[in-house]
Amino acid sequence: MAAMPAAGAAPAPAADAAEADDAPAADPRVKEIRSPMVGTFYRRPAPDQDPYVDVGASVSEDTVVCIVEAMKVNNEIKAELDGDIVEILVEDGHPVEFDQPLFRVRT
């Protein structure tokens with residue numbers, strides 16, 4: 001007979017993966033831009049136009065970084081901080097929840 005894995009051994013990798021997804025960035029200068037509402041995330045003002053920002057882009061408090069469409073209204077989301085985009089966390093056209101991280105910015 002084959003040996004059975006220990007009862008507690010299987011959940012450990014899943015728990016580690018969940019913790020990695022929720023873990024704050026190791027760099028204390030990295031902040032998140034979060035969604036202020038439930039809606040659909042769009043990186044560009046129109047399908048035929050360039051994204052508002054890409055990884056590496058410098059942003060200021062007033063820089064529009066994306067649109068969250070809610071109830072047929074396009075809401076421009078501003079960075080509200082100064083820094084450089086280091087990660088985009090949501091795919092274009094995907095739904096987002098209230099307070100969901102959208103971008104990571106190194107301040």
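Pairing each residue of the stretch 50-69 that is within 13 Å of Ile33 (Cα to Cα) and small (Gly, Ala, Ser) with any residue that is at pLDDT 95 or above and open to solvent by 50 Å² or more (accessible area, probe 1.4 Å), provided the two are 6+ apart or on different chains, yields C-beta distances under 8 Å for Ser60/Asp82. Inside the stretch 36-59, can you point out the residues that are touching a Gly at 6+ places or on another chain (Cβ under 8 Å), open to solvent by 30 Å² or more (accessible area, probe 1.4 Å) and of a type in the set (A, V, I, L, M)? Those that are touching a Gly at 6+ places or on another chain (Cβ under 8 Å), open to solvent by 30 Å² or more (accessible area, probe 1.4 Å) and of a type in the set (A, V, I, L, M): none in the stretch 36-59.
If you go through the stretch 27-49 and keep only what is outside any loop (DSSP other than H, G, I, E, B) and either in contact with a Cys (Cβ under 7 Å, 6 or more places away or on another chain) or without any contact (Cβ under 8 Å) to a residue 40 or more places away in the chain (or both), you end up with Phe41, Tyr42.
The values are calculated or read from the model by the stated rules, or taken from the named source; none is laboratory data. Treat the numbers as computed from the prediction; the structure is a model and nothing was measured. All Cβ positions, glycine included, derive from the backbone under ideal geometry; neighbour counts span all protein chains shown. Please note that ligands, DNA and RNA were not included when accessible areas were found on the heavy atoms of the full protein model with its side chains. Shrake-Rupley method; radii C 1.70, N 1.55, O 1.52, S 1.80 Å.
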